[in-house]
Amino acid sequence: MNIRQELQSDYDAVYQVVKEAFTNAEYTDGDEQNLVVRLRNSKSFIPELSLVAVENEKIVGHILFTRAVVNGIEVLALAPLSVLPEYQNRGIGQSLIKQGHIIAQKMGYKYSVVLGHAEYYPKSGYVPASQYGIKAPFKVEDESFMAVCLNETIGNLNGIMEYDEAFGL
């Protein structure tokens, strides 16, 4: 498996990967594939942090990190993470997260925040975002709104996460 930056020529394949990945997901609004399209067209899009997992020349996974803000400090929002159903439970999602974190660290980002499965994301170092003083702009269980510190901590951010308007929040 190879992980690389998404290319414009990958957009149609990524759309299908995201759509299929969330078809039977426990928590979904059914719009994740369109969220990716909206985020690509937003001011928060970071091309270097839109990654695909490729196996035998087929895109089997995708991850997207976009800019967000907490108390005036730029952080990353991880959303969505997608792996084709038949490729799930093989470590592809974790590999995408790990590679995204490496790139984000090199780019100087301090935190990545995710709204996700409380048993999945801690495998990549995510803890309740409240531990960093990051609050969600919506009602959510503490264990589902998580963050990871990518570089040295800059202390508690003590603020509410401001997502790009493409999220529709």
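In the stretch 95-128, whose amide N lies under 12 Å from the spot 7 Å out along Cα-to-Cβ of Ile46? List them in ranges.
100-113
Taking 0.36 nm per residue of sequence separation and subtracting the Cα-Cα distance, how much length would be gained by fully extending the chain between Val127 and Met1, in nm to one decimal?
Full extension of this stretch gives 42.6 nm more.
Can you give me the distance in nm between label points at His117 and Ile154, each placed 7 Å from the Cα along the Cα-to-Cβ direction?
The answer from the label model is 3.2 nm.
By the gyration tensor of its Cα atoms, with a ≥ b ≥ c the square roots of the eigenvalues, what is the shape of the stretch 93-140: rounded for a/c under 1.5, prolate for a/b over b/c, or oblate? Numbers along the way, then the final one.
Working: a/c = 2.34, a/b = 1.36, b/c = 1.72.
Because a/c hits 1.5 or more and a/b fails to exceed b/c, the stretch 93-140 counts as oblate.
Among Asn34, Asn158, Asn24, which one shows the highest mean-square fluctuation when the chain is modelled as a Gaussian network with alpha-carbon springs under 10 Å?
Residue with maximal mean-square fluctuation among Asn34, Asn158, Asn24: Asn24.
Using the Karplus curve 6.51 cos²θ - 1.76 cosθ + 1.60 with θ = phi - 60°, work out ³J(HN,Hα) for each residue of the stretch 52-67 in order, rounded to whole Hz, and write x for Gly and Pro.
10, 9, 10, 10, 6, 6, 10, 6, 10, x, 8, 9, 9, 10, 10, 5
Among Glu141, Glu152, Glu20, which comes first, second and so on when ranked by fewest other beta-carbon atoms within 10 Å? Working shown, then result.
Numbers: Glu141 10, Glu152 6, Glu20 15.
Result, fewest neighbours first: Glu152, Glu141, Glu20.
In whole Å, what are the Cα extents of the stretch 58-110 along the three principal axes, biggest one first?
The Cα atoms of the stretch 58-110 stretch 41, 18, 17 Å along their principal axes.
Rounded, prolate or oblate for the stretch 10-68? Axes are the square roots of the Cα gyration tensor eigenvalues, ordered a ≥ b ≥ c, and the cut-off for rounded is a/c under 1.5. It would help to have the intermediate numbers written out before the result.
On the way: a/c = 1.95, a/b = 1.11, b/c = 1.75.
Since a/c reaches 1.5 but b/c is at least a/b, the shape of the stretch 10-68 is classed as oblate.
To the nearest 20 Debye, how big is the dipole of the chain about its Cα centre, given +1 on the beta carbon of each Lys and Arg and -1 on that of each Asp and Glu?
420
Looking at the chain as a GNM with Cα springs under 10 Å, which of Tyr109, Tyr120, Tyr27 has the largest mean-square fluctuation?
So, out of Tyr109, Tyr120, Tyr27, the one fluctuating most is Tyr27.
With springs only between Cα atoms under 10 Å apart, run a GNM on the chain and tell me which of Phe138, Phe45, Phe22 wobbles the most.
Ranking Phe138, Phe45, Phe22 by mean-square fluctuation puts Phe138 first.
Using a/c under 1.5 as the rounded threshold, could you call the stretch 2-167 rounded, prolate or oblate? The axes a ≥ b ≥ c are square roots of the C-alpha gyration tensor eigenvalues, and prolate needs a/b larger than b/c, oblate otherwise.
prolate
How long is the gain from Ser9 to Phe138 if the chain were fully straight, where each residue apart is worth 0.36 nm and the alpha carbon distance is subtracted?
Gain on stretching Ser9 to Phe138: 42.9 nm.
Distance between the C-alpha centers of the stretch 89-104 and the stretch 26-62? Whole Å please.
13
Values quoted throughout were computed directly from the atomic coordinates according to the rules given, and no laboratory measurement underlies them. Just so it is clear, the model here is predicted, and its values are computed rather than measured. FYI the Cβ positions are ideal-geometry reconstructions off the backbone, even for glycines, and counts take in every protein chain you see.
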